[in-house]
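Since every read-out is calculated from the coordinates, none of them should be taken as a lab result. Values in this document were obtained by computation on a predicted structure and should not be read as measured data. Cβ sites come from the backbone with ideal geometry, for glycine too, and all protein chains shown count toward neighbours.
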Amino acid sequence: MALVEFAFIAPVLVVLLLGIVDFGINLSNQISLRQGAREGARQGVVANFGTTTSCGATFTTPGSTNMQKLICLTKARSDLTATNVSVAIRFDPGSSSYPAGTSTPPVGNGLLVCTAAPLQSLSKLFSPALDGKYFKTKTVMRIEKASGVAESQANEADPTGANWSWCTP
């Protein structure tokens, strides 16, 4: 009798266990993505943009070199696979660029860093529910230090299909 009862309850326990694992991994990924956006914004507002523009980013709006470096820094700080993370850099108030004559984005204005990454099911059991869905996060901070050169916003392709329309201050 116990074997029959176990046969009924075992599949439920396996699904529950795999659900807990997938939930935990996705929660960790969401926290990492949010932390990466926060770190990218923090480094950007103090004009510490990073050192590399080669991180596998596919820029749809390349922007300035510093913003490309900031995208690569944000991807690195997210601790997720860089190819899974998409980043957009915007200015607040909304301007696509700041010419050299305005001494870069003015101190006190906002820098907005938006990130997106796909949800995933390591067990593949929940793939039908998670495929095609994305974590999205955005962080706005006030610019504390001007970079000294002209800057223009940059972004990669938005994997959510919304063309970064959700990335507004």
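Remarks
- Exposure proxy ranking, count of Cβ atoms within 10 Å, fewest first, for Thr139, Thr160, Thr74: Thr160, Thr139, Thr74
- Residue-wise HN-Hα couplings along segment 84-93, as the Karplus relation 6.51 cos²θ - 1.76 cosθ + 1.60 with θ = phi - 60° gives them from phi, are 8, 9, 10, 10, 10, 10, 10, 10, 10, x Hz; Gly and Pro carry x.
- Listed values for segment 65-75 are Karplus-derived 3J(HN,Hα) couplings in whole Hz (6.51 cos²θ - 1.76 cosθ + 1.60, θ = phi - 60°), namely 4, 4, 6, 5, 4, 5, 4, 5, 5, 4, 4, and x replaces Gly and Pro.
- Taken over the chain, the convex hull of the Cα atoms encloses 107 Å³ per residue.
- Each of the trypsin sites (Lys or Arg not before Pro) that DSSP puts in a loop and that has at most 13 other Cβ atoms within 10 Å breaks the chain; the longest unbroken stretch is 1-123.
- Between the helical axis of 2-45 and the longest alpha-carbon principal axis of the chain there is an angle of about 10 degrees.
- For segment 2-156, averaging the sequence separation of C-alpha pairs within contact (under 8 Å, six or more residues apart) and dividing by the residue count gives a relative contact order of 31 percent.
- Residues Val46, Val87, Val140 in ascending order of nearby Cβ atoms (within 10 Å, fewest first): Val46, Val140, Val87.
- 3J(HN,Hα) couplings calculated from phi for segment 135-143 with the Karplus curve 6.51 cos²θ - 1.76 cosθ + 1.60 (θ = phi - 60°) are, in sequence order, 7, 10, 8, 9, 9, 10, 9, 7, 5 Hz; Gly and Pro show x.
- Residues Ala162 and Leu16, FRET efficiency given R0 of 30 Å [Cβ-Cβ distance, rounded to 0.05]: 0.35
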